[in-house]
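S.K.: Pasting in a structure now, in structure tokens, and then I'll have a few things to ask.
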Ligand code: SF4
């Protein structure tokens, strides 16, 4: 029990729209019931989003290559260049995926890949330009480790690399690879991926370039609860800086999911987090990240029922239909649905569904006009 803190004082603070501190978030982790967390998270959720509506996006995860030389211990997706099942997608394959996506009313790709040293800077520019300009696809693309790789091979520096990608057609950046932004842990789970400062430097450069990004957290990989809170605090501080610039660059949303250890070096060596822990974590994220407009439910990793429940623990967005997913599914279970099913999931949870784009603006479905 932390001296001088109580649920009542934290409740009053949240109700008064005062920011909670790190020790208060820790107190909630230790002491609040699920019901109390749901109530507090819903207050902050409704301050940031329409209380009656929940959004979703139709896109697909496209992994343009699985060749990667970073070798994160938790990754079951990457391959060496000489592996029989290694690949780099061809433009024709990407075009076919774009056609399929648009046929069902989809708007974008979550485009990520491994750090493949055979790919040139021109490859990335052409990839983004082809998808955006030729295929009409919004590119929500590249995790910080990929951007760092590009900046290394082009010598332009992070900000100019991001500006060039933006000029070529990059729409926004996913926050992949954040895991837990604490170096003690990163050194243990992904020693070749760079520290927290490296990940944050790319996000800062993206915000400076006027790009929107998302914040993520993969938890349940031996981090402590204070380290989880430290991660949230780092993101909140960076969002404060981004919003103060007023140049359009900032975080749009946060999402968290538990580590899945299947087919990784951690298999059978770790107790995977429970659904209850997911709900507690996402609710505390919603309460703590008071400057993030949206929180996504990770139903793709948690399953439909827990994904629906997360809508009552601070989430105002159901994320993607997940037409295609390769990374998490390499390590465990993922779930996919069609438009009708995701809308039914949202309705059954008590909300009105609406389709958004990657900037969280509404998409008008021509078939419903
Ligand atoms: S998580 Fe990303 S960077 Fe790490 S090994 Fe897998 S593909 Fe490479």
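S.K.: Taking residue 251 as the residue in question, decide whether it is touching a helix residue (DSSP H, G or I) at 6+ places or on another chain (Cβ under 9 Å), in a strand (DSSP E or B) and in contact (Cβ under 8 Å) with a residue 12 or more places away in the chain.
M.R.: Values: touching a helix residue (DSSP H, G or I) at 6+ places or on another chain (Cβ under 9 Å): yes; in a strand (DSSP E or B): yes; in contact (Cβ under 8 Å) with a residue 12 or more places away in the chain: yes.
Yes; evaluated as a whole, the condition is true for this residue.
S.K.: Right, here's the next one. If you check 125, 235, 131, 165, which single one turns out to be farther than 30 Å from residue 277 by Cα, more than 16 Å from the ligand (Cβ to nearest atom), assigned to a helix (DSSP H, G or I) and in contact with a strand residue (DSSP E or B) (Cβ under 6 Å, 6 or more places away or on another chain)? First the steps, then the outcome.
M.R.: On the way: 125 fails: in contact with a strand residue (DSSP E or B) (Cβ under 6 Å, 6 or more places away or on another chain); 235 fails: farther than 30 Å from residue 277 by Cα; 165 fails: in contact with a strand residue (DSSP E or B) (Cβ under 6 Å, 6 or more places away or on another chain).
131 is the lone residue from the list that is farther than 30 Å from residue 277 by Cα, more than 16 Å from the ligand (Cβ to nearest atom), assigned to a helix (DSSP H, G or I) and in contact with a strand residue (DSSP E or B) (Cβ under 6 Å, 6 or more places away or on another chain).
S.K.: Anything in region 100-122 that is part of a helix (DSSP H, G or I) and at pLDDT 95 or above? List them, or say none.
M.R.: Of the residues in region 100-122, the ones part of a helix (DSSP H, G or I) are 100-103, 121-122.
Residues satisfying the conditions are 121, 122.
S.K.: I'm told residue 271 meets every condition in (1) at pLDDT 95 or above; (2) surrounded by fewer than 21 Cβ atoms within 10 Å (Cβ to Cβ) except one. Can you identify the failing condition by its number?
M.R.: Only one criterion in (1) at pLDDT 95 or above; (2) surrounded by fewer than 21 Cβ atoms within 10 Å (Cβ to Cβ) is unmet by residue 271, namely (1).
S.K.: Go through (1) outside any loop (DSSP other than H, G, I, E, B); (2) modelled with pLDDT under 95 for residue 266 and report which single condition fails.
M.R.: (1)
S.K.: Which ones in region 139-171 are farther than 26 Å from residue 186 by Cα and surrounded by 24 or more Cβ atoms within 10 Å (Cβ to Cβ)?
M.R.: Within region 139-171, 139, 165, 170 meet the criteria.
S.K.: Another question about this same structure. Count, please, the residues in region 283-306 that happen to be crowded, with 24+ Cβ neighbours inside 10 Å and under 16 Å from residue 34 (Cβ atoms).
M.R.: Total meeting the criteria: 6.
S.K.: For region 140-162, how many residues meet the condition of being without any contact (Cβ under 8 Å) to a residue 60 or more places away in the chain and in a helix (DSSP H, G or I)? Even if it seems obvious, please write down each step before you answer.
M.R.: If we filter region 140-162 for residues that are without any contact (Cβ under 8 Å) to a residue 60 or more places away in the chain, which is where we start, we get 141-144, 146-162.
Cutting the leftovers down to in a helix (DSSP H, G or I) gives us 144, 146-154, 158-162.
Of the residues in region 140-162, 15 are without any contact (Cβ under 8 Å) to a residue 60 or more places away in the chain and in a helix (DSSP H, G or I).
S.K.: Looking at region 14-36, can you tell me whether even one residue there is more than 16 Å from the ligand (Cβ to nearest atom), closer than 18 Å to residue 282 by Cβ and in a strand (DSSP E or B)?
M.R.: no
S.K.: Can you find a residue that is more than 30 Å from residue 227 (Cβ to Cβ) and either in a helix (DSSP H, G or I) or within 16 Å of the ligand (Cβ to nearest atom) (or both) anywhere in region 174-189? Before the answer, list the steps.
M.R.: First, the residues of region 174-189 that are more than 30 Å from residue 227 (Cβ to Cβ): none.
Checked region 174-189: no residue is more than 30 Å from residue 227 (Cβ to Cβ) and either in a helix (DSSP H, G or I) or within 16 Å of the ligand (Cβ to nearest atom) (or both).
S.K.: Can you tell me which residue within region 181-195, out of those that are in contact with a helix residue (DSSP H, G or I) (Cβ under 9 Å, 6 or more places away or on another chain) and free of Cβ contacts under 8 Å to residues at least 24 places away in the same chain, is nearest to residue 245 (Cα to Cα)?
M.R.: Applying the filter and picking the extreme gives 195.
S.K.: Could you tell me whether region 196-206 includes any residue that is within 20 Å of residue 233 (Cβ to Cβ), within 16 Å of the ligand (Cβ to nearest atom), in contact with a helix residue (DSSP H, G or I) (Cβ under 9 Å, 6 or more places away or on another chain) and part of a loop (DSSP other than H, G, I, E, B)?
M.R.: No - not one qualifying residue is present in region 196-206.
S.K.: Out of the residues in region 48-93 that are in a helix (DSSP H, G or I) and over 22 Å from the mean Cα position of the chain (by Cα), state the one that is farthest from the ligand (Cβ to nearest atom). First the steps, then the outcome.
M.R.: As a first pass, look at region 48-93 and keep what is in a helix (DSSP H, G or I): 48, 91-93.
Keeping just the survivors that are over 22 Å from the mean Cα position of the chain (by Cα) gives 91-93.
Working: 91: 21, 92: 23, 93: 19 Å.
That would be 92.
S.K.: When you look at residue 158, is it away from the ligand (no atom under 16 Å from the Cβ), touching a helix residue (DSSP H, G or I) at 6+ places or on another chain (Cβ under 7 Å) and over 25 Å from residue 338 (Cα atoms), yes or no? Before you say what the answer is, go through the steps one by one.
M.R.: Details: away from the ligand (no atom under 16 Å from the Cβ): yes; touching a helix residue (DSSP H, G or I) at 6+ places or on another chain (Cβ under 7 Å): yes; over 25 Å from residue 338 (Cα atoms): yes.
Yes: the conditions hold for residue 158.
The values are calculated or read from the model by the stated rules, or taken from the named source; none is laboratory data. Because the structure is a prediction, the values reported are computed rather than measured. Every residue, glycine among them, receives a Cβ derived from its backbone with ideal geometry; neighbour counts consider all protein chains shown.
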